Amino acid sequence: MLIPHPLLGPRDAREFTVMGDAGMIDRPDPAAPDAADRFYEYVYLRDNPAGVHRELWFHEYGDRSWLVVTRNTLTHEIVAVELASDVSAKREKSR
Amino acid sequence: MADLEADFAIGDKSPAGIETGLLRITERSDMSIASLALRKGTPVPQPFGLSLPGPGEWVSEDTNCVLWVGPGQWFVLARRYADEELASELKASFPSCSVTEQTDGWVVIDIECPAGDEVFAEMLARLANIDPDKLIQGRCVRTLLHHLGCHLVRLGPRSLRILGARSSAGSLWHAIETVAVNLDCRFPVR
């Protein structure tokens, strides 16, 4: 499988480590009153869709950047790839 | 105190080297390396007066070079007796950057291929799973070479520099040596 890296072009998937659901970016606020429940969900509850899934990939044997890869788990088609730093910067802005 | 003598990264008392009919492979013992990382909102440094290169690129001035290794991070290589002074000098020049000594962590191996472009392309293809047409002069890439994470730097039309982890320098050398021997079989001297 080739992953189209936003900076470096198509790269061999063996250079990457998959770290699961991209929801990991949204770490709950530990100071919130419902923090315990939010952290329970954050740490233990995951969707496991058969289809389009947003995942975090780490370019471990490459430039060591974190990517958000939108991938179809049934066909392995890669729909979109963004730098995770861009994704969280956009999110910060929209808050 | 015992009188200790340091071995070179590949393990000999002198830098390792092989010359086959096609390739000249040399362990460099005259490279100092430091990494340079930008902090948010700080001025962009120009080590040796060089503008920091973009993704997948490297630039050089005299015998010094700077290669891009990741977003906001570069390796600075200076050709001189391998010591740890480079990092302190960079930190003094660019105090707002994060600078880390790297000389101790890496082995630098240069490969020259006077035998021609075809042999060079075949060597690249056997070393790593990258597109040899994209690793042109002025470009560098970090990838896997026989399961070892390495930086490949295209120094010239027929020369390549490999930076690998010093702790597995022997395995890296073995991998390169194997490719060199196999290339000799693939391109026998007529």
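Being over 13 Å from residue A:84 (Cα atoms) and part of a helix (DSSP H, G or I) is a property that residue A:29 lacks. Inspect the range A:10-24 for any residue being in a loop (DSSP other than H, G, I, E, B) and surrounded by 12 or more Cβ atoms within 10 Å (Cβ to Cβ) and give the result as yes or no. Yes: the range A:10-24 contains one or more residues that are in a loop (DSSP other than H, G, I, E, B) and surrounded by 12 or more Cβ atoms within 10 Å (Cβ to Cβ).
Contact map, the range A:78-95: first residue part of a helix (DSSP H, G or I), second residue among the β-branched types (Val, Ile, Thr), Cβ cut-off under 7 Å, separation 6 or more or different chains; pairs are A:84/A:25; A:84/A:68; A:87/A:25; A:87/A:68; A:88/A:25. Tallying residues that are surrounded by 12 or more Cβ atoms within 10 Å (Cβ to Cβ), assigned to a loop (DSSP other than H, G, I, E, B) and either within 14 Å of chain B (Cβ to nearest Cβ) or at pLDDT 95 or above (or both) within the range A:40-61 yields 3.
Residues in the range B:53-84 that are away from chain A (no Cβ under 14 Å), outside any strand (DSSP E or B) and surrounded by 15 or more Cβ atoms within 10 Å (Cβ to Cβ): B:82 only. Here residue B:143 fulfils each of the conditions (1) surrounded by fewer than 21 Cβ atoms within 10 Å (Cβ to Cβ); (2) under 13 Å from the mean Cα position of the chain (by Cα); (3) polar (S, T, N, Q) apart from (1). All of (1) modelled with pLDDT of 95 or more; (2) closer than 28 Å to residue B:40 by Cβ hold for residue A:23 with one exception: (1). If only residues of the range B:119-154 that are in contact with a Phe, Trp or Tyr (Cβ under 9 Å, 6 or more places away or on another chain) and away from chain A (no Cβ under 13 Å) are counted, the one that is nearest to residue B:55 (Cα to Cα) is B:138.
Could you tell me whether residue A:64 is surrounded by 11 or more Cβ atoms within 10 Å (Cβ to Cβ) and in a loop (DSSP other than H, G, I, E, B)? It is true that residue A:64 is surrounded by 11 or more Cβ atoms within 10 Å (Cβ to Cβ) and in a loop (DSSP other than H, G, I, E, B). Across the range B:77-112, the number of residues qualifying as touching a residue at least 60 places away in the same chain (Cβ under 8 Å) and either under 14 Å from the mean Cα position of the chain (by Cα) or over 24 Å from residue B:62 (Cβ atoms) (or both) comes to 12. When the range B:17-52 is filtered for residues that are assigned to a strand (DSSP E or B) and more than 15 Å from residue B:75 (Cβ to Cβ), the ones remaining, listed by number, are B:17, B:18, B:19, B:24, B:25, B:26, B:27. If you filter the range A:67-77 down to residues that are among the β-branched types (Val, Ile, Thr) and over 13 Å from the mean Cα position of the chain (by Cα), you find that the one that is surrounded by the most Cβ atoms within 10 Å (Cβ to Cβ) is A:73.
The values are calculated or read from the model by the stated rules, or taken from the named source; none is laboratory data. Everything numeric here is computed off the predicted structure, so don't read it as measured data. When we count neighbours, we look across all protein chains shown, and the Cβ atoms used for this are built from the backbone with ideal geometry, even at glycine.
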